[in-house]
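As structure tokens, the structure follows; a few thoughts come after it.
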Amino acid sequence: MSISLTGGEPLLRPDVIEAILSEMKWRYVTIVTNGTLPLVDFGAGYFISIDGTESIHDAIRDEKTYRKVKQNVLDHPEVNVVINMTINSLNYGCVEDVADEWYILARAFTFQLLTHGNN
């Protein structure tokens, strides 16, 4: 069994992450994050949301967050990173580009399909 910490932003509460990890030593724990805060090697895995190539991600999220996320991952090669991408009408054409760019930095990819609304 594994446990996923989601938010809001779990990295805002490292004390809570450490408490859960302390209590759940026999479980695999993942932290779901937007990646804009520095990563910490808690011994847990990270699911980091990337919404496309740099220009598309920044258009969806916020200007210049893509570079911050990528730098945070580069600064912490010791952590296990899974890239999580929600596919929508703005980014469906760049899935392969995202996979190519993050291939050496991530141990896996997950793709979610946005299936409601006009996206």
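Please work out which one of (1) more than 18 Å from Leu5 (Cβ to Cβ); (2) surrounded by fewer than 17 Cβ atoms within 10 Å (Cβ to Cβ) is the condition Met24 fails and give its number.
Going through the list (1) more than 18 Å from Leu5 (Cβ to Cβ); (2) surrounded by fewer than 17 Cβ atoms within 10 Å (Cβ to Cβ), Met24 breaks only (1).
For residues in region 40-58 being loosely packed, with under 15 Cβ neighbours inside 10 Å and among the small types (Gly, Ala, Ser), which is nearest to Ser22 (Cα to Cα)?
Of all residues in region 40-58, those loosely packed, with under 15 Cβ neighbours inside 10 Å come to 41, 43, 55.
Checking the rest, the ones that are also among the small types (Gly, Ala, Ser) come to 43, 55.
Values: Gly43: 11, Ser55: 39 Å.
The qualifying residue nearest to Ser22 (Cα to Cα) is Gly43.
Scan region 105-119 and tell me whether some residue there is within 15 Å of the chain's Cα centre (by Cα), aliphatic (A, V, I, L, M) and not in a loop (DSSP other than H, G, I, E, B). Even if it seems obvious, please write down each step before you answer.
Taking region 105-119 first, the residues within 15 Å of the chain's Cα centre (by Cα) are 105-112.
So of that shortlist, the ones also aliphatic (A, V, I, L, M) come out as 105-106, 108.
Filter once more, keeping what is not in a loop (DSSP other than H, G, I, E, B): 108.
Yes, because at least one residue in region 105-119 is within 15 Å of the chain's Cα centre (by Cα), aliphatic (A, V, I, L, M) and not in a loop (DSSP other than H, G, I, E, B).
Give the residues of region 4-17 that are within 18 Å of Asn84 (Cβ to Cβ) and loosely packed, with under 14 Cβ neighbours inside 10 Å, sorted by residue number.
Those that are within 18 Å of Asn84 (Cβ to Cβ) and loosely packed, with under 14 Cβ neighbours inside 10 Å: Ser4, Thr6, Gly7, Gly8.
Any chance region 95-104 includes a residue that's under 12 Å from the mean Cα position of the chain (by Cα), of a type in the set (A, V, I, L, M, F, W, C) and in a strand (DSSP E or B)? Please lay out each step first, then the result.
Within region 95-104, the first condition is being under 12 Å from the mean Cα position of the chain (by Cα), and the residues that meet it are 102.
Applying the additional criterion that residues be of a type in the set (A, V, I, L, M, F, W, C) yields 102.
Narrowing the set further to residues that are in a strand (DSSP E or B) leaves none.
Looking for residues that are under 12 Å from the mean Cα position of the chain (by Cα), of a type in the set (A, V, I, L, M, F, W, C) and in a strand (DSSP E or B), one finds none in region 95-104, hence no.
Search region 70-94 for residues being hydrophobic (A, V, I, L, M, F, W, C) and part of a strand (DSSP E or B), and hand back the single one that is farthest from the chain's Cα centre (by Cα). Steps first, please.
Taking region 70-94 as the starting set, the residues that turn out to be hydrophobic (A, V, I, L, M, F, W, C) are 73-74, 79, 81-83, 85, 87, 90, 94.
Next, only the ones that are part of a strand (DSSP E or B) stay: 81-83, 85, 87.
Details: Val81: 7, Val82: 6, Ile83: 5, Met85: 8, Ile87: 14 Å.
Going through the qualifying residues, I end up with Ile87.
Looking at Asp58 and the list (1) modelled with pLDDT under 95; (2) acidic (Asp, Glu); (3) closer than 20 Å to Asp97 by Cβ, which single condition is not satisfied?
If we test Asp58 against (1) modelled with pLDDT under 95; (2) acidic (Asp, Glu); (3) closer than 20 Å to Asp97 by Cβ, just (1) comes out false.
Go through region 49-89 and give me each residue that's touching a residue at least 24 places away in the same chain (Cβ under 8 Å) and of a type in the set (Asp, Glu).
The answer is Asp51, Asp75, Glu78.
Given the options Val95, Val69, name the one that is at pLDDT 95 or above and closer than 18 Å to Leu12 by Cα.
On the way: Val95 fails: closer than 18 Å to Leu12 by Cα.
Just a single option satisfies the conditions, and that option is Val69.
Scan region 6-27 and give yes if some residue there is in contact (Cβ under 8 Å) with a residue 40 or more places away in the chain and either within 19 Å of Tyr66 (Cα to Cα) or in contact with a strand residue (DSSP E or B) (Cβ under 7 Å, 6 or more places away or on another chain) (or both), otherwise no. Spell out the reasoning first.
Here is the first cut: in region 6-27, the ones in contact (Cβ under 8 Å) with a residue 40 or more places away in the chain are none.
No: region 6-27 contains no residue that is in contact (Cβ under 8 Å) with a residue 40 or more places away in the chain and either within 19 Å of Tyr66 (Cα to Cα) or in contact with a strand residue (DSSP E or B) (Cβ under 7 Å, 6 or more places away or on another chain) (or both).
Restricting to region 18-50, name every residue that is closer than 20 Å to Asn84 by Cα, among the aliphatic types (A, V, I, L, M), more than 12 Å from the chain's Cα centre (by Cα) and outside any loop (DSSP other than H, G, I, E, B).
The initial filter retains those residues of region 18-50 that are closer than 20 Å to Asn84 by Cα, namely 28-50.
Narrowing the set further to residues that are among the aliphatic types (A, V, I, L, M) leaves 29, 31-32, 37, 39-40, 44, 48, 50.
Add one more test, that the residue is more than 12 Å from the chain's Cα centre (by Cα), and what stays is 29, 40, 44.
Within region 18-50, just Val29 meets the criteria.
Got a sec? Which of Ile3, Ile83 is out of contact with any Asp or Glu (no Cβ under 9 Å at 6 or more places or on another chain), at pLDDT 95 or above and under 27 Å from Leu113 (Cα atoms)? Steps first, please.
Working: Ile3 fails: at pLDDT 95 or above.
The conditions single out Ile83.
The values are calculated or read from the model by the stated rules, or taken from the named source; none is laboratory data. Only a predicted model underlies this, so the values are computations on that prediction, with no experimental measurement involved. Cβ atoms come from the backbone with ideal geometry, glycine included; neighbour counts cover every protein chain shown.
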